[in-house]
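Worksheet: the structure to be examined is printed underneath.
The values are calculated or read from the model by the stated rules, or taken from the named source; none is laboratory data. Bear in mind the structure is a predicted one, so any value in this text is a computation, not a measurement. Don't worry about glycine lacking a Cβ; one is built from the backbone with ideal geometry, like all the others, and counts go over all protein chains shown.
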Amino acid sequence: MEQTIVEKGSPFATEPIGKLIARFAIPSVIALLVNSLYNIVDQIFIGWGVGYLGNGATNIVFPITIIALALSMMIGNGGAAYLSLKLGESDQAAAKKAWATPSAWW
């Protein structure tokens, strides 16, 4: 007796691009807005508690933090994409090598 398994298709393959952009971009935009609001409120409290020197210090460090975050996200997302591609190709050896040595990514 043969069983039929109905697979649910990936939304990336079946849904229109506009709907996918809205589905994934809107939560990202909301997260960025919340993060920006957090930074504004943080600056207000630092200004009240520490003063203008505290605001100056955090304004110097903030771009460095953003650059570090961008680099870590680039390496993390790129590594995850590479690993997913290798696992999708059923290339277990390359996936294990990439997981063990980040230099295999480039």
- Query: Residues in the stretch 47-55: is at least one at pLDDT below 90 and among the β-branched types (Val, Ile, Thr)?
  - Reply: no
Exactly one of 19, 86, 96 is in a helix (DSSP H, G or I), surrounded by 10 or more Cβ atoms within 10 Å (Cβ to Cβ), modelled with pLDDT under 85 and among the charged types (D, E, K, R), and that residue is 96
In the stretch 7-16, anything within 21 Å of the chain's Cα centre (by Cα) and in a loop (DSSP other than H, G, I, E, B) is listed as 10
